[in-house]
1. Please give the helices (runs of 4 or more DSSP H) falling wholly within the range A:188-252 in which 1 or more residues are farther than 30 Å from A:ALA301 by Cβ and among the β-branched types (Val, Ile, Thr).
2. Among the residues of the range B:273-310, which ones are open to solvent by less than 30 Å² (accessible area, probe 1.4 Å), in contact with a Ser or Thr (Cβ under 7 Å, 6 or more places away or on another chain) and away from chain A (no Cβ under 11 Å)?
3. Can you tell me which residues in the range A:101-116 are open to solvent by less than 30 Å² (accessible area, probe 1.4 Å) and within 21 Å of the chain's Cα centre (by Cα)?
4. Would you please name the residue that is farthest from A:PHE42 (Cα to Cα), looking only at residues in the range A:116-173 that are among the aromatic types (Phe, Trp, Tyr) and without any contact (Cβ under 8 Å) to a residue 60 or more places away in the chain?
5. Could you please find all residues in the range A:70-85 being out of contact with any Lys or Arg (no Cβ under 6 Å at 6 or more places or on another chain) and either surrounded by 18 or more Cβ atoms within 10 Å (Cβ to Cβ) or not hydrophobic (A, V, I, L, M, F, W, C) (or both)?
6. For A:THR446, indicate whether it is surrounded by fewer than 24 Cβ atoms within 10 Å (Cβ to Cβ), within 10 Å of chain B (Cβ to nearest Cβ) and hydroxyl-bearing (Ser, Thr, Tyr).
7. Note down all Cβ pairs under 7 Å where the first residue falls in the range B:52-80 and is at the interface with chain A (Cβ under 10 Å from one of its Cβ atoms) and more than 18 Å from B:LEU130 (Cα to Cα), the second is of a type outside the set (Lys, Arg) and outside any loop (DSSP other than H, G, I, E, B), and they're at least six residues apart or on different chains.
Amino acid sequence: MSNKLNYSMSLAKPDAKDFSLKQKVAIGIGIIGLFILVLALFNADINHSGWVLTTALGLIVLGTIWFSNSVYLSESKGIKNDGVWFKSISSRGLIGWATGIVLTLFYIVLYFYPHLLGLGKDGAPNTGLVALFDPLSQLLSGRPASQWFVYGALYTMAILVFGYKFFLKYRHNRYEQIRTGSVMFFQLAFAFLIPEFMYVMNSDLPYYDLKSIWPLNYYLFDSWSIKGFLSAGTIGLILLIFGVVSIFIITPILTYKYGKRWYCSWVCGCGGLAETAGDPFRHLSSKKLSSWKLERWLIHAVLVFSVVMTMATIYSFLGNNPDSYWLTKSLFIKLSIGFLSLIFLLFMLFKRKEFGKDAKNASIGYAVVISLVLIMHFTGTTDQIFFIKSSSLRSAYGLYIGSIFSGVIGTGFYPIFGSRVWCRFGCPMAAILGLQQRLLSKFRITTNGGQCISCGNCSTYCEMGIDVRAYAQKGENIVRSSCVGCGICSAVCPRGVLKLENDGLKGRINPTEILLGNDVNLMDLVNQNN
Amino acid sequence: MEHIVIIGNGISGVTAARHIRKLSDKKITLISAETDHFFSRTALMYVYMGHMKFEHTKPYEDWFWKKNRIELKNGYVETVETESKTLHFTDGDTLTYDKLIIATGSKSNKFGWPGQDLNGVQGLYSKQDLDALEVFAPNKNICKRAVIVGGGLIGIELTEMLNSRDIPVTFLVRESSFWNGVLPEGDSAMINRQIKNHHIDLRLSTNLKEIVSDGNGKANAVIIEETGEKIPCDFVGLTAGVSPNIDFLKGTSIETAKGVLVNRYLETNIKDVYAIGDCAEQREAIGNRRPVEAVWYTGRMMGEVIAQTICGHKMKYNPGHWFNSAKFFDIEYQTYGWVFTKPKEGHLHFHWKHVDDTKCITIEYNASTNEFLGINTFGIRMRHEVFDRWLTEKQTIDYVILHLGKANFDPELYHHFEGDIQRAFKNQLQNLQL
């Protein structure tokens, strides 16, 4: 129910909270910049020297910065959520829907019809939007742009300018500022610049964003990727080893110490976009219990799919003869099953209590993976697994998960479902980190005794759809696998109830019935009865 | 099966219902004329400000009540017949109970000002108040100025709400400084400046004389007692405190004074009738607490206790160390233990304020034993559990100041001020000795 619309029959916008003249001019400048990109898209006869691109991007950046300054710098430092649910863009209004549709169409074109963006086919020169970015690509790596370069450049620009906006919005909050500085840095350096420079150094290297870790980076173990690394000499081998080390060593250690936030809201590019450009939509995530149930099934199903798919991919290019290469198909299967079983057993032995009712689900997941791998091994032929062509599984994953889920739905639907749809429902990396965060990490959100007033700001602004209030009003720490540690629940809490912390494992999960404030005997009585 | 009827679905009544359900299989009926489902009253302000929609203020999804077999009845109780244990509703309906819990909360105070019942004059307590606010003050075109009367927690919230829609606000405060019946001078003065920094026309030591009608039953100005000044306005917020909402009990045998009189077991003078939350009045005040405590937290605590009593573990309402919290525009406030406006006899205050004028603390302690008695903290979050423990252990102020870092609850990576506070404390001690 929108309070506003119930009472006003006025055709004019009844809100007092409107844009100032300065803000309207700033928006106008940004739109001119975007319009130049649209002109290029439709192959208008514009000069494809670097100046046009510089002007277009410059206007977008200038407009956003000026707009942000005008909105935030004139106001006191503090929470700036006034009117969020009244604005069309951020409350699933007409502008919100329109933005969602345009973004979705952009992703469909990007993934499936890149020639519409002007990508030159079979070595033909680029036209349109892609050609507009050629000068920048030439400057960085001396080759013409691709649709992915255009996407990467726009993506990076979005994180940088909306990161700046976020910076001003939370200029009273150092955690948010430093975290945002981190995602801006990792996007610009690791996802955008370094891969280009790496290409300059050694053009055999496959595109490799060092911070993109398997299984988010699902093509790391594709045969073209592996071959690319191995043919690039020592540096390629080092990078491949780094990829494996980051999966099995770096990730578990950092997640143990800081929770999955070290990745999801400090480093990751998907998270980076969600936290900056996606910030105005964070409150649109569903907090229903039913959504949580869907989330748990969906994200773990994707995890199982990605693990099996990756194993099948590696399996398919291994041989059977140990003399030609030590890692054979059957050895790989044995090692994999052994490793998965070891992890499963260790968790079941030492973390059975934390699993609680989910132990059954975890066992099902484990059993499904193992049986799929065994079926694969015993029914597979040289070029078939699961009775389909071995590469089709990988293509299906790339299409449905890598493109449609993470791109089209994950980002295109920001203004409808909120900014973390992919991270919450689909990302297999988030699933792995989440399992570890729930079971074996020092991270939690501590609640402050009995101070919660159940207002609901925390739940409303949780981009992952966690009903934070349900825990806070019980005085219970929040230890949820999906929490990305963005810190906004703590920021918007009007009573200082929530704090993200790394502390010991003991007492981390602490269900209580009676909150601090009542006499101690009553607390003891009720908490003991349970 | 025993039928427990609870009048009022606020935090007190709902907490009682939830805990009774956890402890028993009794039939539970929750009555409200305000809303079908429980919502967080303290969050109403965020609905008007556009931070949340009304749905977000509901702590439980709508299916929760049926699943937990808590029956909801929408109705307004007209009177209670304690002989036959029957409730009579304004629509003629009746309902019988075995045990009755009165948890009807508060209503806004009106002190007989001329014009106080005009349209566009209201308090801010109920969902209906919020709806009325949307009618009379939806934006700065319809409401060209609002006047708020009463410098307490609801007054400053209503001021912040109207300000969020760019409606100019004149804030009349009877006292010489904001909320200085509760806050010490230094704390209160900092909040005065915070209010003014948000472009609020704050008028201290100013009383309302009357509210002027536009001739069509709607307020269009107020007149100031002291100066006779007439301030044109389209909305008047009356926020001079609240009092128990118990008019429907007049003429019943349930004994009332300001609120429903209860003993430490929250029992009224009538068997099987209890009262909790804002509407209950303790026959004897507990410690430094007021007999009527209109605070979210105490309502919840009474709900927890009454559920034990109803379910066979008869138990006194025995609140622990006092705590409370609020937010004044951008400044969060928490308090643990007792800090009075002026130190009680034999007590002293230690006050520290950051140069940016948005953070300060005041500690009250015993001058001879140095025992720590309470803290007000503004702009720095502190841990409830730590202060609760220190109060129980009767730590000294020196101990508290030395270990203040342990109580810090600010987000990670924030600047810390414990060192600054410790130096200020040392300086004050030296000055005292001189």
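1. Details: elements: A:194-201, A:223-231, A:233-245.
Result: A:194-201, A:233-245.
2. Hits for the range B:273-310 are B:VAL273, B:TYR274, B:ALA275, B:ILE276, B:GLY277, B:ASP278, B:CYS279.
3. Keep residues of the range A:101-116 that are open to solvent by less than 30 Å² (accessible area, probe 1.4 Å), which gives A:104, A:107, A:110, A:114.
Selection gives A:THR104, A:TYR107, A:LEU110.
4. A:PHE167
5. Within the range A:70-85, the first condition is being out of contact with any Lys or Arg (no Cβ under 6 Å at 6 or more places or on another chain), and the residues that meet it are A:71, A:73-76, A:78-79, A:81-82, A:84.
Correct list: A:VAL71, A:SER74, A:GLU75, A:SER76, A:GLY78, A:ILE79, A:ASN81, A:ASP82, A:VAL84.
6. yes
7. From residues that are at the interface with chain A (Cβ under 10 Å from one of its Cβ atoms) and more than 18 Å from B:LEU130 (Cα to Cα), the pairs are B:GLU61/A:LEU289.
Every residue, every condition in (1) buried (at least 17 other Cβ atoms within 10 Å of the Cβ); (2) at pLDDT 90 or above, yes or no:
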| position | (1), (2) |
| --- | --- |
| A:LYS4 | yes, no |
| A:TYR7 | no, no |
| A:SER10 | no, no |
| A:ASP15 | yes, no |
| A:PHE19 | no, no |
| A:LEU37 | yes, yes |
| A:ASN47 | no, no |
| A:LEU57 | yes, yes |
| A:SER68 | yes, yes |
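The values are calculated or read from the model by the stated rules, or taken from the named source; none is laboratory data. Being a predicted model, the structure only gives us computed values, none of them experimental. Note that each Cβ is placed from the backbone with ideal geometry, even for glycine, and that neighbours are counted across all protein chains shown. These area figures cover heavy atoms from the full protein model, side chains too; ligands, DNA and RNA do not enter into them. Shrake-Rupley method; radii C 1.70, N 1.55, O 1.52, S 1.80 Å.
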